[in-house]
Amino acid sequence: MSNKGLKIVVIGGGSSYTPEFVEGLIKRKDELNTSELWLVDVEAGQSKLNTIGALAERMIVKAGAGIKVYTTLDREKALYGADYVNTQIRVGQIAARVLDEAIPLEHGLIGQETNGAGGLFKALRTVPVILDISEEMARLCPDAWMFNFSNPVGVVTEALCRYSKHKKFAGICNVPIGIERELAKMMDISPARLRVDFAGLNHMVYGFKVFVDELDVTASLFEQFLQNNTADMSSRNGYDYDWEREFIRALGLIPCSYHRYYYRASDMLAHAVEEFAKGGTRARKVESIEAELFKLYRDSELDIKPPQLEQRGGAYYSDAACNMIASIHNNKADIQTVDVVNNGAIADIDDQSAVEVSCKITRLGPMPAIMGRKLPVSVKGLVMQIKSFEQLAAQAAVTGDYHTGLLAMITNPLVANDIIGKKVYDRLLEAHRQYLPRFYPADSTSR
Ligand code: G6P
């Protein structure tokens, strides 16, 4: 390995989450030796980018980490010669998320940015941009790894698996690492000692086994999990219900917080509708958390990541990101859970599709730790239905085909109504028109 320091690029660098990533790089300054951090954003994000760039510099100076920070709107310049690239974009900014959540709710459907109708439209806006970035990476930094955090990670990774020429990528989510943290808390041990063997899809992942110091403690832990029940496997951004204990006992797997949208659909919907009637969607809350965060970030005295950032659902994402970089860079061969091309890891799913599974992380990247796993019949149907949705959504995002998108919409179990589904689909298409050039090619040629 050369002595040249790493060039790390964050696309969507003006995100309120970026200080957490900077903190992650600082914590690992000795094992990573990062010399350049490039923060990239779009014109609409310029002012946030300036604020984040200045804060990142203050954090780095305080820590004596010796990383040079660059801020730019020129993505290609940033990508040239990069070693690792994080994509954490929100096409259309938070205003688009407000629509993704509000329009389905107006028609009595779940409005959520990673699944259902809202998730579909976030995918339709995001996938083409991520594929453009992957194409640029193939030209400008062919050896670099892309780690995508942009939601919906499941559909975006599906699109990368099927349509990207650049093959060094993985989707990363904080849900698996979050579950491990919560289980470790429940057992009162350090998270570093515990790992879960996960398999499934993004936001549809199940814990199959639990190991402490590499010993299989699944049976005893499962009992403790059932006793606690409330063992907070929750995200910060959803409404949490205790699980029905006997259901979890019967399932024999640890669910993730997003499973509540499927196993407790009516309560989740009723709660969302109630909140919406009071004027609230998660996007609105996020807007006010962001306003508070950026006010803090602009304070020239601030030189650490403020604890208020932990109110966001993606808290601790930087541990997931930086652990990946550190393990590839240092060939650690440890186990982490990421979204990768299946290639036989889950026998029931197409080889070319994306899956979220525990992987061994070496210099060659993530490799599923278990191959040929068969999903239990109790979860297989749901997982396969979501996989069909992801496949259709990725295909629609790439082709801009109206009917493929409509199929994705109506086959999603959180929509499951052809009349309402079509209405919501048409409204969302119109609402996001400016960010869907593949659906409206005539608009871009006339621009
Ligand atoms: C969770 C999910 C992420 C999602 C985040 C949203 O952590 O795993 O995929 O982006 O929540 O949090 P927010 O604060 O934006 O609602």
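The values are calculated or read from the model by the stated rules, or taken from the named source; none is laboratory data. Source: prediction; values computed, not measured. All Cβ positions, even for glycine, are placed from backbone atoms using ideal geometry, and neighbour counts span all protein chains on display. Please note that ligands, DNA and RNA were not included when accessible areas were found on the heavy atoms of the full protein model with its side chains. Shrake-Rupley method; radii C 1.70, N 1.55, O 1.52, S 1.80 Å.
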Describe numerically, in nm with one decimal, the distance between label points set 7 Å from Cα along Cα→Cβ at E214 and at D143. 3.1
Label point at K423 placed 7 Å out along Cα→Cβ; residues across segment 258-285 whose backbone nitrogen lies under 15 Å: none
Can you list residues whose amide H is under 5 Å from T337's amide H, if they're 5+ apart or on another chain and H is modeled 1.01 Å from N? C359
What residues have an amide H closer than 5 Å to that of G200, excluding those fewer than 5 places away on the same chain, when H is modeled at 1.01 Å from N in the peptide plane? Y206, E356
Candidate aspartates and glutamates - alpha carbon under 16 Å from K167, same-chain residues fewer than 8 apart omitted: D83, D132, E135, E136, D143, E158, D339, D351
Positive end of the dipole of the chain, charges at C-beta (+1 Lys, Arg; -1 Asp, Glu), about the Cα centre: which of Y206, M367, Q46 has its Cα farthest in that direction? Q46
Might you tell me the accessible area per residue for the chain, computed with a 1.4 Å probe and given in Å²? 40
Considering Cα pairs under 8 angstrom that are at least six residues apart, work out the relative contact order of the chain and quote it in whole percent. 18
Net charge (Lys, Arg +1; Asp, Glu -1) of residues whose beta-carbon lies under 13 Å from that of T399, T399 excluded, is +1
Mind listing the Cα extents of the chain along all three principal axes, in Å, largest one first? 62, 53, 42
Between S47 and A265, what is 0.36 nm times their sequence separation minus the Cα-Cα distance? Round to one decimal in nm. 74.6 nm
Given only helices, namely DSSP H runs of n ≥ 4 each adding -39500 (n - 2.57), what is the per-residue ellipticity at 222 nm of the chain, to the nearest 500 deg cm²/dmol? -15000 deg cm²/dmol
Starting from the alpha-carbon convex hull of segment 114-256, give the projected area averaged over all orientations, in nm². 10.0
Check the straight Cα-Cα distances from K422 and name the aspartates and glutamates below 13 Å, setting aside those fewer than 8 residues away within the same chain. E430
For the chain, which whole percent of the accessible surface, found with a 1.4 angstrom probe, sits on carbon and sulfur atoms? 52
Could you name the lysines whose alpha carbon sits less than 19 Å from that of K185, not counting residues in the same chain fewer than 8 places away? K209
Can you give the net charge of the other residues whose Cβ lies under 15 Å from the Cβ of L79, counting K and R as +1 and D and E as -1? -3
May I ask for the net charge around D267, where only other residues with Cβ less than 14 Å from the Cβ of D267 are counted and Lys, Arg are +1 while Asp, Glu are -1? -3
Please find the FRET efficiency linking Q311 to E274, where r is the Cβ-Cβ separation and R0 is fixed at 22 Å, and quote it to the nearest 0.05. 0.55
What full-extension length gain, to one decimal in nm, is calculated for M371 and E31 as 0.36 nm per residue of separation minus the Cα-Cα distance? 119.4 nm
Segment 281-358 and segment 72-110: distance between their alpha carbon centers, rounded to Å: 14
Which order do peptides 251-264, 108-121 fall in by mean Cβ count within 10 Å, highest first? 108-121, 251-264
